[in-house]
1. Which ones in segment 118-148 are β-branched (V, I, T), part of a helix (DSSP H, G or I) and surrounded by fewer than 22 Cβ atoms within 10 Å (Cβ to Cβ)?
2. I'd like the residue in segment 260-297 that is basic (K, R) and outside any loop (DSSP other than H, G, I, E, B) and, out of all such residues, is modelled with the lowest pLDDT.
3. If I filter segment 548-556 for residues that are part of a helix (DSSP H, G or I) and within 17 Å of W597 (Cβ to Cβ), do I get at least one hit?
4. Quick one: how many residues across segment 186-206 are over 17 Å from F545 (Cβ atoms) and either in contact (Cβ under 8 Å) with a residue 24 or more places away in the chain or in contact with a strand residue (DSSP E or B) (Cβ under 8 Å, 6 or more places away or on another chain) (or both)?
5. Please work out which residue is modelled with the highest pLDDT, limiting yourself to segment 305-327 and to residues that are buried (at least 16 other Cβ atoms within 10 Å of the Cβ) and assigned to a helix (DSSP H, G or I).
6. Name the single residue that is farthest from L83 (Cα to Cα) among those in segment 249-259 being outside any loop (DSSP other than H, G, I, E, B) and not aliphatic (A, V, I, L, M).
7. Of the residues in segment 54-78, how many are of a type outside the set (A, V, I, L, M), surrounded by fewer than 23 Cβ atoms within 10 Å (Cβ to Cβ) and in contact with a Phe, Trp or Tyr (Cβ under 9 Å, 6 or more places away or on another chain)?
8. Can you tell me which residues in segment 553-585 are surrounded by 20 or more Cβ atoms within 10 Å (Cβ to Cβ) and more than 18 Å from the chain's Cα centre (by Cα)?
Amino acid sequence: MGWETFFCFGVLILVLAGLIANRAPDVLLLGAVVILAIVRIITPEEALAGFSNTSMLTVGALYVIAAALRETGTLDVAGSWLLKRAKSERAVLVRMAGALPVMSAFLNNTPIVAMFIPIVSGWCKKHRIAPSRLLLPLSYLCIVGGTCTLIGTSTNLVVNGLMEETSRSNPELSQALHPMGFFELGYVGLPYAIVGIIYLLVVGQRLLPNRKDLIEKFTESSREYLVNMRVQSNCRLVGQTVQEAGLRQLPGLFLVEITRDDRAISPVPPDCVLKSNDILTFTGVVSTIVDLEKIRGLVPIADEGYEAHAAKRRERVLCEAVVSKTCPSVGKSIRDADFRARYNAAVVAVHRGGEQLVGKVGDMVLKPGDTLLIQAGPHFMRANRNNSHFLLIGGVEDSRPLRHDKAIWSLILLVVLITLMVSGVIKIVLAAFLVAGLMVATRCISASHARRSVDWQTLVTIAAAFGIAKALINSGCVDSISALFTSLTGRLGPYGVLAGVYLMTSLFAAMVGNNAAAALVFPFAVVIAGQTGVNPRPFVMCVAFAASASFISPLSYQTNLMVYGPGGYRFTDFIRVGLPLNILLLICATILIPLVWHF
């Protein structure tokens, strides 16, 4: 072993330590690649090859496609429909088990989980069920579904990219490591998903924590705004009863009254049929008011500065501002305060601590300390952050209006994407970029939002991981460690070695994340297969499944980290619920992989 082996191994240890310490993975891996290139273990071309890898570029395009589906409201409609009329925790879990794995097989897991977190959390708050009972299964179900197709998770694309690169650089392996077919992973992925679903429904549900204190915190900390909404003639709620429209199921929201032809209906019966031009008065938390505003044809009644047209609303922002005692609007009604002339803004809703507000928002007389929900120009927050008229200004997340009129286009383009990828008419990366471009061209998503939807940190991490994998090979580090691994597991036969590779990948994923684990273990798997004298394809497929389906740590998969905070989970929750599932899938993979891809 030369100095290169020890140097590369030392860099790898430092990278792993940094990832375990939760340092930025893109900075760590990119820094490591630069250092390895400076000492000439890899060439500059090898260091940067990952940035032109087609699988990494495909991941970037898929981010745009998933964001477009969310921007048009397609995913929101699917989520709301899925939980509609669900009465029990068990019913929600069964519905998620039936739908989420299918959805995540054809879309990136991350936006699906991001979209479902508020929907599931809202259902939990409404039914007084701890979010910790459902959010972890949400992540796990999306993870197992992603193992069924090539594009189900970015990890599969990372492994596919490494296979293509290895077969190009080593022609002897080109037959064994040819690119994956779209549904090739499904031979093991489908049983994988079935095992995961059965486990969560039969065993996992009993192991989940029940942290009801989160519900109490939500109730205590929420600010209730008063808002008036007008039902326009094109609103889908026209002709529905209040109960059918779901206006009694939204979390943190109460329908105070309906004003119809200058007549107030209060209290509002659940069988009251909504009509065009009805004015609905709600009290509710800001996140739910944002959800109301996204319903097509349901428009807040604010002062004349409010932009009701969806296209113009996308050019404005929603923010919260607390009125100070020096504000010239204090003592005036909101209608007379003329926010449009003074601030280029409109007041949508009002919160006054300790008081139950009633009536019309425009008639509210402002007092110091009132919190206003404001629709304003894009520069309002920056221009007024130090304005003495307001004590505090903050933006409202996820308040952009949806492009409902483009929902059909987004669904058509999704079908086009899947058709192109399955048929193989053009390469997967070209199909992904074609559909992403069409999403922008048809205005399912704006160009600026498309750029913002790409997770650049993940892409840089994936690209840099390719360079580190090459350095591990060039330095001889892979040969040395693989020889040690084979000597310890070789006596167990190919099945034992395969199980060892799965276990090693799972442990790496638990510490450094799924994509980094796949890229780092891949070269070891290829060499271990060669030293064992068997076909390397089962081993690299093993890496794909083990890295894609790691449940024992919040760090092991991005969706686990996303539900960690909202579910109020502890690290030990992932071990208690995820470790048995990891063991089950290890056994499943060790038995099934050699049946599909022979040693």
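1. Initial filter on segment 118-148 (β-branched (V, I, T)): 119-120, 129, 143-144, 147.
From what's left, part of a helix (DSSP H, G or I): 119-120, 143-144.
Residue satisfying the conditions is I119 alone.
2. Of the residues in segment 260-297, the ones basic (K, R) are 260, 263, 275, 294, 296.
Still in the list and also outside any loop (DSSP other than H, G, I, E, B): 260, 263.
Details: R260: 89, R263: 86.
Taking the candidates together, the pick is R263.
3. Our first condition is that a residue be part of a helix (DSSP H, G or I); within segment 548-556, this holds for 548.
Checking which are within 17 Å of W597 (Cβ to Cβ) leaves us with 548.
Checked against the condition, which is being part of a helix (DSSP H, G or I) and within 17 Å of W597 (Cβ to Cβ), segment 548-556 yields at least one hit.
4. First pass over segment 186-206, keeping only residues over 17 Å from F545 (Cβ atoms): 198, 200-206.
Going one step further and asking which of them are either in contact (Cβ under 8 Å) with a residue 24 or more places away in the chain or in contact with a strand residue (DSSP E or B) (Cβ under 8 Å, 6 or more places away or on another chain) (or both), we end up with 200-201, 203-205.
Matching residues across segment 186-206 total 5.
5. Only one residue fits best here, namely R313.
6. Looking only at segment 249-259, we keep the residues that are outside any loop (DSSP other than H, G, I, E, B), and these are 253-259.
Keeping just the survivors that are not aliphatic (A, V, I, L, M) gives 254, 257, 259.
Numbers: F254: 20, E257: 26, T259: 30 Å.
Among them, the one singled out is T259.
7. The total comes to 1.
8. F574, V577, G578, L581, N582, L585
The values are calculated or read from the model by the stated rules, or taken from the named source; none is laboratory data. Note that the structure is predicted; figures quoted are calculated from it, not measured. As a convention, Cβ positions derive from the backbone with ideal geometry for all residues, glycine included, and neighbour counts pool all protein chains shown.
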